[in-house]
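A short write-up of the structure that comes next.
Quick note: the coordinates plus some simple rules give every number you see, no bench work behind them. Here the structure is a predicted model, which is why all the values come from computation and not from measurement. All Cβ positions, glycine included, derive from the backbone under ideal geometry; neighbour counts span all protein chains shown.
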Amino acid sequence: MNRTEISSLGEFGLIKHLTKDFEKKNSSTVLGVGDDAAIMDYKEKQVLVTTDLLLEGIHFDLVYVPLMHLGYKSAVVNFSDIYAMNGFPKQITVSLGVSKRFSVEDIEELYAGIKLACDKYGVDLVGGDTSASATGLTISITCIGEGEKGKISQRSGAKNTDLICVSGDLGAAYMGLLLLEREKKVFSGDESAQPDFAGKEYLIERQLKPEARKDIVESLARINVVPTSMMDISDGLSSELLHICKQSKVGCRVYEDRIPIDYQTAVMAEEFNMNLTTAALNGGEDYELLFTVPLEMNDVFQNLPGIKVIGHITDESLGSCIITRDGQEIELKAQGWNSLK
């Protein structure tokens, strides 16, 4: 494989080279890459902005994370934050810190993943920045989205008796991470060893190539429901629930036997001798949507595909608890991912 030094293209040459195949998808994108700033026109919509910083060695390990998957995931986790506001992502900017061990071809792989995500979710790349780095690879993506006035969901709107809902299933991404870390240790002791992922592909995909739940936001729009509060599950269900409760000034009751968990997640948790509920509550990186809706919508949400009602909001004085399978109340604790610990 050819290796082109980044220095041979220079900063602006590299940006032009990497972004030449990104096509405009949204009418709100007036001007994208190539000037001092992008131009966007949103008319009557409200603008949503989110940003994520990913650092090599903290948020990802290139021993087992392919660069194309990393690019895809870096974009998708930002899209997820916009969907978590009941909005739709429209544009991103991508900024990189790149050390000399990376070639142009390496960064092309990263951008191929970003482009795949942009194409799938209908998002435009409109700018960014690139710099040399002395500490490996750094990725910073900012996402701009739009939401309709009166239909944007915040964390602070949950009300007493609201239903608590989640999309998809939980804990799989964390099990995928544990599996990748285990195989990395085997590889570091024997570089001829081949990873054993047979029957565990779902867990690996949930960790390396997560999807944002655009489909759930579209489903909510079709039935004309605006969640009273909503978040995406990036740091773990327990942490996100407590964020909603704190900002809404409410309590909650979540039922252990209602938390959706995939079969492969359960098998892997047993293999690691780990409590399955702990993995689902605290694993993180699921990028599913956690949201609340009024109690009178119970019949609708009990039968909506891809969504599970897992509990209800209570008065703040009752605190935040999980009800175990044998009926005990245990206080919820935020034990999810925290990069600063």
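For the reader, a short list of remarks on this structure follows.
- For segment 9-147, a simple Cβ point-charge model (Lys and Arg +1, Asp and Glu -1, everything else neutral) yields a dipole of about 180 debye relative to the Cα centre.
- Prolate/oblate/rounded call for the chain, Cα gyration tensor, a/c under 1.5 rounded: oblate
- Within straight-line reach of LYS16, meaning a Cα separation under 19 Å, sit the following aspartates and glutamates at least 8 residues removed in sequence or on another chain: GLU5, ASP35, ASP36, GLU105, ASP106, GLU108, GLU109, ASP119, ASP124, ASP129.
- The alpha carbon centroids of segment 1-49 and segment 107-142 are separated by 10 Å.
- Whichever aspartates and glutamates have a C-alpha closer than 20 Å to that of LYS200, once near sequence neighbours (fewer than 8 apart) are set aside: ASP61, ASP169, GLU181, GLU183, GLU211, ASP262, GLU270, GLU271, GLU285, ASP286, GLU288
- The modelled label-to-label distance between LEU53 and GLN194, using points 7 Å beyond Cα along the C-beta direction, is 4.2 nm.
- For segment 73-229, the Cβ-based charge dipole about the Cα centre amounts to some 560 debye (Lys, Arg positive; Asp, Glu negative; other atoms uncharged).
- For segment 42-140, the set of GluC sites (Glu not before Pro) satisfying both a DSSP loop assignment and a count of at most 11 other C-beta atoms within 10 Å is given as GLU44.
- Taking the charge dipole of segment 244-304 about its Cα centre, with +1 at Lys and Arg Cβ atoms and -1 at Asp and Glu Cβ atoms, the residue from LEU290, CYS252, VAL300 reaching farthest to the positive side is CYS252.
- Screening the chain for whole DSSP H helices of 20 Å or more along their axis (Cα) with average Kyte-Doolittle hydropathy at least -1.0 returns 67-83, 104-121, 172-189.
- Which listed pairs, of LYS43/LYS249; LYS90/LYS249; LYS149/LYS214; LYS249/LYS308; LYS149/LYS333; LYS20/LYS209, have C-alpha distances above 29 Å, in listed order: LYS43/LYS249; LYS90/LYS249; LYS149/LYS333
- The slack between LYS24 and ASP315, meaning 0.36 nm per residue of separation minus the straight C-alpha distance, is 100.0 nm.
- Span from the segment 208-230 Cα centroid across to the segment 270-341 one, whole angstrom: 17 Å
- Cα gyration tensor shape for segment 48-188, rounded if a/c is under 1.5, else prolate or oblate: oblate
- About its Cα centre, the dipole of the chain is roughly 620 debye, where the only charges are +1 on Lys and Arg Cβ and -1 on Asp and Glu Cβ.
- Computed from the C-beta positions of ILE223 and GLU5 and an R0 of 45 Å, the FRET efficiency is 0.25 to the nearest 0.05.
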